[in-house]
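*Asks:* Once you've had a glance at the structure underneath, I'll fire off some questions.
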Amino acid sequence: MFDSNSINSKTGLVFNIQRFSIHDGPGMRTTVFLKGCPLRCGWCSNPESWHNYPEIWVFNIRCNKCGKCVDNCHKGAITLTENGISIDRNNCDLCFDCVNVCPTLAIEKIGSFLTVNEIMEQVNKDIIFYENSGGGVTVSGGEPLYQPAFLLALLKSCKEKGLHTTLDTSGYSPWDNINECLHYLDLVLIDVKSLDPSIHYKHTGVSNELILDNINKITGRVKTWLRVPVIPGVNTSESQIKDLADFAIKLSSEKLCLLPLHHWGKSKYTRLGRKYLFDGVQTFEKEYLLKCKGRIESYGLKVEIVE
Ligand code: SF4
Ligand code: SF4
């Protein structure tokens, strides 16, 4: 079972390391995704990142209904169904025995405890690509600042190698944790989901007060790119876009990135046994996004659509 002491400056909980990333900062990057996030954005495309402990997800398409997981679950939490298996997650204690006995990888464990050195071994393989493209390492999540000591140690290690470092954050973290990391960062990608406190709370589960305060402090210290998820019904009215542009202008952020809603993460919710709240919500046409981009650019801001 999960032991919170497993996360410290030497060991962190990682759910993915993505090589050759091109949307998480300049050049070609290695993006390290830390698991655990205090926000619950309804449109999130990485719901496997939410909990700060390892968990399981199910690919029923791979299940051959052999029943080995059912026989080996000491909690009796697994049932065979017509479509594969079903897990009673309230009864599951995450022992991972089912993962170990499944012959088809239909049940997978999400999240591994890795040391800074283990991550740097991966990073070292990509240094040649950073040199040629002006890239580096991005730490993302989840919310990477949810594991502040580990994040700091990882950034320090990158800087010891002279690598370009980027933090991709929601900004929802005590200032002291951010402040320490800024010494080892070249760029911060920071989300602005909504400037309206009640809308922000409704769709993310937390207030935006701390986030906006942190954004103001960060932009004076390190280069930033503001990242705005473009979500129908949440933050796309005329007045919201105008307020956003005004906010970004005051901050003199280098760039504003628009991240249009997509439903690529939908199947992940099924695998995790959760409900996807934005199922069926209409996504925007390219034409509309270009119009938004043009409108914000007319205020003198550099805007990029990230798809
Ligand atoms: S993780 Fe353990 S308790 Fe949970 S379903 Fe698998 S075998 Fe059962
Ligand atoms: S062990 Fe794997 S393949 Fe067999 S029933 Fe369970 S999930 Fe399906």
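*Asks:* So, counting K/R as plus one and D/E as minus one, what does the shell of residues with Cβ under 12 Å around GLU304 add up to?
*Replies:* Surrounding charge for GLU304 is +1.
*Asks:* Relative contact order of the chain: what whole-number percent is it, with Cα pairs under 8 angstrom and at least 6 residues apart?
*Replies:* 19
*Asks:* Okay, moving on. Would you calculate the volume per residue, in Å³, of the smallest convex hull containing every Cα atom of the chain?
*Replies:* Enclosed volume per residue, from the Cα hull, is 141 Å³.
*Asks:* On average, how much accessible surface per residue is there in the range 128-211, in Å², for a 1.4 Å probe, leaving out ligands, DNA and RNA?
*Replies:* Result: 39 Å² per residue.
*Asks:* Let's see if you can work this out: charge +1 on each Lys and Arg Cβ, -1 on each Asp and Glu Cβ, no other charges. What is the dipole magnitude of the range 5-121 about its Cα centre, in debye to the nearest 20?
*Replies:* Approximately 140 debye in magnitude.
*Asks:* Where the accessible area of the chain is counted over protein heavy atoms with a 1.4 Å probe, how much of it, in %, is carbon and sulfur?
*Replies:* Carbon and sulfur: 49 percent of the exposed surface of the chain.
*Asks:* Determine the percent antiparallel among the DSSP beta bridges restricted to the chain, to the nearest 5.
*Replies:* 40
*Asks:* Would you mind calculating the gained length between LYS223 and GLU121 on full extension (0.36 nm times residue separation, minus the Cα-Cα distance), in nm to one decimal?
*Replies:* Fully extending the segment from LYS223 to GLU121 adds 34.0 nm.
*Asks:* Under the rule of -39500 (n - 2.57) per DSSP H run of 4 or more residues, summed and divided by the residues of the chain, what mean residue ellipticity at 222 nm is obtained, to the nearest 500 deg cm²/dmol?
*Replies:* -9500 deg cm²/dmol
*Asks:* Now for a different question. In whole Å, what is the distance between the alpha-carbon centres of the range 111-177 and the range 46-81?
*Replies:* 30
*Asks:* Spin-label point model (7 Å from Cα, Cβ direction): what's the GLN18 to GLU238 distance in nm?
*Replies:* According to this spin-label approximation, the distance is 3.6 nm.
*Asks:* Just round it to a whole percent: the fraction of Cα-Cα distances in the range 55-109 exceeding 16 Å.
*Replies:* 26
*Asks:* Give the relative contact order (percent, whole number) for the range 55-109; include only Cα pairs under 8 Å separated by 6+ residues.
*Replies:* Rounded, it is 48 percent for the range 55-109.
The values are calculated or read from the model by the stated rules, or taken from the named source; none is laboratory data. Note that the structure is a prediction, hence the values are computed from the model and not measured. No Cβ is skipped: glycine too gets one built from the backbone with ideal geometry, and neighbour counts run over all protein chains shown. SASA here: full protein model, heavy atoms, side chains in, ligands and nucleic acids out. Shrake-Rupley method; radii C 1.70, N 1.55, O 1.52, S 1.80 Å.
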